[in-house]
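Undergrad: Quick one: the structure is below, and I'll ask about it shortly.
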Amino acid sequence: MSYCKRDGKDKSLFLTREDAKDPENIKTLVEDEETYGLIAPDGSINWDCPCLGGMANGPCGSEFKEAFGCFHYSKEEMKGSDCLEQFKVMQECFQKYPEVYSKYGEDEEDEEGNSDKENNEIPKEANNNNDSNNNDDNNNVNDEDK
Amino acid sequence: MAAAFLRVARSSRVLWGARAGPSIYKAYASSSSSTSSSFFSTNTLITLAGVTVAGVGAYGFYQNSKPSPYVGSSGMQYTKATEYQKEGATHPEAEAEKNLESAQETSTPPAPASSPAPPPPADIPDFAPYVLIGAGTTSFAAAKAIREKDPTAKVLIIGNEDYTPYSRPPLSKQLWLYEDHEAAKNLKFTASWSGGKVVDVFYKADFCSPKDLPNLEGGGIAVVTGRKVTSLDTRKKKIRLDNGSEVSFNKCLLATGGTPKTLPVFQGKGPFSTFRAIPDYKALDKLLDSAKSILIVGGGFLGSELAVGLASRGKDKGVTISQVFPEVGNLGLVLPQDVSKWTTDKVREVGVQVHPGTGIKSASVSEDGKKVTVVTDNGTELVADHVVVAVGLQPNTDLATSARLEIDKEHGGFKVNSELLACTDVWAAGDVASFYDPYLGRRRVEHHDHANVSGRLAGYNMTGEHQPFMHQSMFWSDIGPDVGFEATGLIDSKLPTVGVWGRKSSEAVDTPVDDYSKGVIYYLDKEGGRIVGVLTWNIFGKMDVARQIISEEKTEVDISDIVQHFEIH
């Protein structure tokens, strides 16, 4: 049987001899491909989600997965506050590949204006203003998870 | 929640991806709702009828030349030779080389019966109508094209190597695999395009001596070897050589090629080398007799071909070949990740110890200078008797300063237009040219067939034509017995791809085994899903179809219809 597979931005169709001859079969096959977003129905993270822009497969893929995975599963009151070590490792890795990651950083400032700078200026510990927001976010997502 | 993640990321000063950032946000916000991404849309179905028959070659030339059947050397451990024969397809090299061969047939210079290659280190004339700087494939193709259009042209080629023009691909390919090692040492091998005859790497032509060139009524092609051009004056139309002699010209081609890059840790003294020219091949081949271990640094075409070649040649001598590179697999900058990893498995099967995903932190040479210890970024130590660094090419653009020519800061190389013109009467082609491709935009290509195609185009235009770059060059590689491919267009693993692979059996989909043994990879541009590159994997002789797919601007939705034009089973 033919099947279709997705790995980030790359798709692979594996076609049997019969299906390869029939364009209609190929189209059906691709349309039937079961796709979902970042969070799989079982609550796990879909690292192949194109929405990650290849982050999970880049040179810092494993560091990214550690950090993002830790954050996703974090049960701390301030979600992700137990993941700072993982973030640090990821950030160190990013700095090793400035040609891959720094340009993303620039884009971000372009797109999001000043918000980035504001956040950077707020010291980590004194981030009280944002805490309530964080909790809101947590609640929202937790609701969805349920 | 995504916002919170981004915030945590930022508060620890993470450089965050904008593209990833907001899209993660969206995906996270709608976490469990599944987004069905339709990949082939059901409307717009453009059929690709007649795609195989129509010829798109801008040069009637290519169409006229007969593809030579590939007849491989018998008993070679690599079995692809028979495959090509079986399929009646043209081997990749045949396509690249036929251009040059047919050039020979068509030009037939009324050359004097004087000196065969290499010509004596003769006096250099103070004027030649056509001066080609660099003595590689590009200049040779240009010289042939010039003489085709201008049969009495006097062409002076100046190169800094000690050889007349030769073909480089065999240095990392056939010469390591040809079973007659003694012949290979003399740069001989069985070529796909030669009908099984043993050939050598040198291009054949009736080169005349530079000294005689000015006096030949019928003109000719002369090669000055072992000389570097140190300056180019585009206003006075004059070049100066490293021995002080000066040559004036009417038309000039910059075909200076490139110099292998290296890594800072290998810049000192030690058993390190790069690989580009005949002396490099000879030295590395000799090394197999003394070295017990050779480490290849780099996972691209050259590094991977050499790793496989050295492993095959060194197998009986007990030489260990290792390869180290930062990408996830061999040719990781070219192939989609899964295919790249699959290729690495195949390279390992040939006997190479591959260390993918590994950068190099430092290298130290033993006191006697005979061993190198390389420390990788994961702390492993790799010890070798010799290190071959294959990490890319730096285009030779030194002449830009004296010539006051523009260098393309993004792609490197001399910036030329779609007719390969740098400034009045000065063209650039091959590795060193950043040209404007009317279909695919500005780019620079470091491949053998591009040297052919662009050298020829520059040659035509130097005789007064005004042809734009229309014929897409192709490239090919063979990585071990199970991997051979041809490609054309933009082939870059950063682009989105769609791979279409032949499944051998009809086994249940529940236990899929991804089999990348035969198929086609389509490279799409990031915006509109237009097909900008086609790579045929273990399928040969289909580059004309591939070129047409690109020039007709087919898109992702057309793929299901295109599939049948390639035999993937």
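The values are calculated or read from the model by the stated rules, or taken from the named source; none is laboratory data. Predicted model, so just to flag it, every value in this text is computed and none were measured. Neighbour counts are summed over all protein chains in view; Cβ atoms, including those assigned to glycine, are modelled from backbone coordinates with ideal geometry.
Undergrad: Exactly one of (1) in contact (Cβ under 8 Å) with a residue 40 or more places away in the chain; (2) part of a loop (DSSP other than H, G, I, E, B); (3) within 20 Å of B:Val334 (Cβ to Cβ) is unmet by B:Lys526. Its number?
TA: (1)
Undergrad: Can you find, within the stretch B:375-421, the residue that is surrounded by the most Cβ atoms within 10 Å (Cβ to Cβ) among those that are assigned to a strand (DSSP E or B) and free of Cβ contacts under 8 Å to residues at least 60 places away in the same chain?
TA: The residue in question is B:Lys415.
Undergrad: Among (1) more than 25 Å from B:Phe485 (Cα to Cα); (2) in contact with a Ser or Thr (Cβ under 9 Å, 6 or more places away or on another chain), there is one condition B:Glu419 misses while meeting the rest; what is its number?
TA: (2)
Undergrad: Within the stretch B:504-516, can one find any residue that is in contact with a strand residue (DSSP E or B) (Cβ under 6 Å, 6 or more places away or on another chain), more than 12 Å from every other protein chain (Cβ to nearest Cβ) and either crowded, with 24+ Cβ neighbours inside 10 Å or assigned to a loop (DSSP other than H, G, I, E, B) (or both)?
TA: Looking for residues that are in contact with a strand residue (DSSP E or B) (Cβ under 6 Å, 6 or more places away or on another chain), more than 12 Å from every other protein chain (Cβ to nearest Cβ) and either crowded, with 24+ Cβ neighbours inside 10 Å or assigned to a loop (DSSP other than H, G, I, E, B) (or both), one finds none in the stretch B:504-516, hence no.
Undergrad: Does B:Ser493 count as out of contact with any strand residue (DSSP E or B) (no Cβ under 6 Å at 6 or more places or on another chain), modelled with pLDDT under 95 and closer than 20 Å to B:Asp525 by Cα?
TA: Against the criterion (out of contact with any strand residue (DSSP E or B) (no Cβ under 6 Å at 6 or more places or on another chain), modelled with pLDDT under 95 and closer than 20 Å to B:Asp525 by Cα), B:Ser493 does not qualify.
Undergrad: Of all residues in the stretch A:1-20, how many are among the charged types (D, E, K, R), closer than 19 Å to B:Gln564 by Cβ and at the interface with chain B (Cβ under 7 Å from one of its Cβ atoms)?
TA: Going through the stretch A:1-20 one residue at a time, the tally reaches 2.
Undergrad: Every residue in the stretch B:346-387 that is in contact with an Asp or Glu (Cβ under 8 Å, 6 or more places away or on another chain) and hydroxyl-bearing (Ser, Thr, Tyr), please.
TA: Correct list: B:Thr358, B:Thr373.
Undergrad: Specify which of the listed residues (B:Pro165, B:Pro151) is surrounded by fewer than 21 Cβ atoms within 10 Å (Cβ to Cβ), at pLDDT 95 or above and not β-branched (Val, Ile, Thr).
TA: B:Pro151
Undergrad: Let me ask something else. Hey, B:Gly218 hits all of (1) surrounded by fewer than 16 Cβ atoms within 10 Å (Cβ to Cβ); (2) within 31 Å of the chain's Cα centre (by Cα) but one; which does it fall short on?
TA: Evaluating B:Gly218 over (1) surrounded by fewer than 16 Cβ atoms within 10 Å (Cβ to Cβ); (2) within 31 Å of the chain's Cα centre (by Cα) leaves (2) as the failure.
Undergrad: Within the stretch B:315-331, which residues are at negative phi and buried (at least 23 other Cβ atoms within 10 Å of the Cβ)?
TA: Result: B:Ile321, B:Gln323, B:Val324, B:Phe325, B:Gly329, B:Asn330.
Undergrad: Can you go through B:Lys494, B:Lys415 and tell me which one is touching a Phe, Trp or Tyr at 6+ places or on another chain (Cβ under 9 Å), farther than 16 Å from B:Gly134 by Cα and charged (D, E, K, R)?
TA: It is B:Lys415.
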